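Shown next, in structure tokens, is the structure this report addresses.
Taken together, the values in this text are just the output of simple stated rules run on the coordinates, not laboratory data. Keep in mind that this is a model prediction, so the values were computed, not measured. Cβ coordinates were reconstructed from backbone atoms using ideal geometry, including for glycine residues, and neighbour counts include every protein chain displayed.
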């Protein structure tokens, strides 16, 4: 099992057909904040930060939410607390893709 962000789900849906595909695409469009291509680049950059506390599920939620400040980011990390340096590194990478 691997966590996926909504941009990755949109990419997977492109291979499907029918009414269910249309319903899922419409739902995702309401919440998607970044293109699949940019999401892939953002995911790569977040992984390159090489932060031990930053797990796949966190990266997926960061891409979905695109946090603007530390309070938004802390909502994702409910089981772990980030220090100020880690928070700033993540937010700097996210700002490039807004």
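Structure summary
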| quantity | calculated |
| --- | --- |
| Sorted by Cβ density within 10 Å, fewest first, the residues 70, 81, 15 | 15, 81, 70 |
| In Å, descending, principal axis extents of the Cα set of the chain | 46, 27, 23 |
| Helix 36-48 axis, angle to the chain major axis (alpha carbon atoms, nearest 10°) | 30 degrees |
| Extension reserve of the residue 72-residue 21 stretch, reckoned as 0.36 nm per residue once the Cα distance is removed | 15.3 nm |
| Where labels lie 7 Å past Cα in the beta-carbon direction, separation of residue 29 and residue 52 in nm | 4.5 nm |
| Cα centroid separation, the stretch 30-81 to the stretch 1-15 (Å) | 15 Å |
| Relative contact order %, the chain, counting alpha carbon pairs below 8 Å whose residues are six or more apart | 33 percent |
